[in-house]
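Each remark here refers to the structure printed beneath this line.
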């Protein structure tokens, strides 16, 4: 059994000065892509399809206006969550499954690493030691 290292809890002011993996993972642009209910619905629909889908297909699937779907998918692409391919006038989007899963898994691991009661607690950074 791994022994959990005991350390003195930090104040929020001291913690803000620490550098850690969580700092790079809490990127506002990434979360901007995930913070809108419509975008989440579109992302879920697209993820469940498991293939590239045109804007028209996604719009039909989610009962959202074509222009709104197009804007939301373009924002998801700028955030790195989906990628697009244009063939003629048709733009198709697909989820960047591996990137999204890795990003969320890394964030989960980083959060778990700060949990004082976790058996999976990771190594602490020097500034937080």
TODO: Would you please name the residue that is farthest from residue 25 (Cα to Cα), looking only at residues in region 36-55 that are assigned to a helix (DSSP H, G or I) and touching a residue at least 24 places away in the same chain (Cβ under 8 Å)?
DONE: 55
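Quick check on my filter: what residues within region 58-78 are free of Cβ contacts under 8 Å to residues at least 12 places away in the same chain, over 22 Å from residue 103 (Cβ atoms) and assigned to a helix (DSSP H, G or I)?
Of everything in region 58-78, those that are free of Cβ contacts under 8 Å to residues at least 12 places away in the same chain, over 22 Å from residue 103 (Cβ atoms) and assigned to a helix (DSSP H, G or I) turn out to be 59, 60, 66, 67, 71.
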- [ ] For region 79-89, name all the residues that are touching a residue at least 24 places away in the same chain (Cβ under 8 Å), surrounded by 12 or more Cβ atoms within 10 Å (Cβ to Cβ) and either more than 15 Å from residue 44 (Cα to Cα) or over 10 Å from the mean Cα position of the chain (by Cα) (or both).
- [x] 79, 80, 82
TODO: For residues that are touching a residue at least 12 places away in the same chain (Cβ under 8 Å) and in a loop (DSSP other than H, G, I, E, B), scanning just region 18-35, find the one that is farthest from residue 93 (Cα to Cα).
DONE: 18
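Computed from the coordinates by the stated procedures, all read-outs in this text should not be read as laboratory data. Everything numeric in this text was worked out from a predicted model, so none of it was measured. Note that we place each Cβ from the backbone using ideal geometry, even for glycine, and neighbour counts take in every protein chain shown.
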